[in-house]
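Take a look at the structure set out below.
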Amino acid sequence: MKTIILNILLIFTFLLSQHQVSAFSTDSLLNIFSSASHDTIKIDVLDQLSKNQFGPNPDKAIEYAEQAVDISNKINDKKRLGYALKNVGLGYYFKADFVEVLTY
């Protein structure tokens, strides 16, 4: 019985620490995004922000990915555009909007 309680406590602690790391990463990435001067850096930051939000907030993940799509189109960066479109599709996947996933 003690081992079951200990295992549950360890799992809970691990999950809580992962959530805090994700929140810290999001805040740091938003600071980098606001101070970035190059569009490619902004796209890369938006890509990572999108990935951080797949599980907790798929709508926000889609929003970040769509911003990356817009900037990628503006500077004609096909490689980053592909990653951004993939992230939009994954955001819809995590929302369980499988019809919309097929668009991306």
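The numbers here are math on the coordinates, done by the rules we state, and not lab data. Bear in mind the structure is a predicted one, so any value in this text is a computation, not a measurement. Because the Cβ atoms are built from the backbone with ideal geometry, glycine has one as well, and the counts that use them run over all protein chains shown.
What the table shows:
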quantity	calculated
Calculated log₁₀ intensity ratio I(q)/I(0) where the Debye formula runs over C-alpha points of segment 26-101, q = 0.15, 0.25 Å⁻¹	-0.44, -1.07
FRET E, pair LYS95, ILE41, Förster distance 25 Å, beta-carbon r, rounded to 0.05	0.35
Distance between modelled label sites at THR3 and SER25, nm, 7 Å Cα→Cβ extension	3.3 nm
Summed residue charge, Cβ within 15 Å of SER35's Cβ, Lys/Arg positive, Asp/Glu negative	-2
Proximal lysines to LYS74, defined as alpha-carbon separation beneath 25 angstrom and excluding residues fewer than eight positions away on the same chain	LYS42, LYS51, LYS60, LYS86
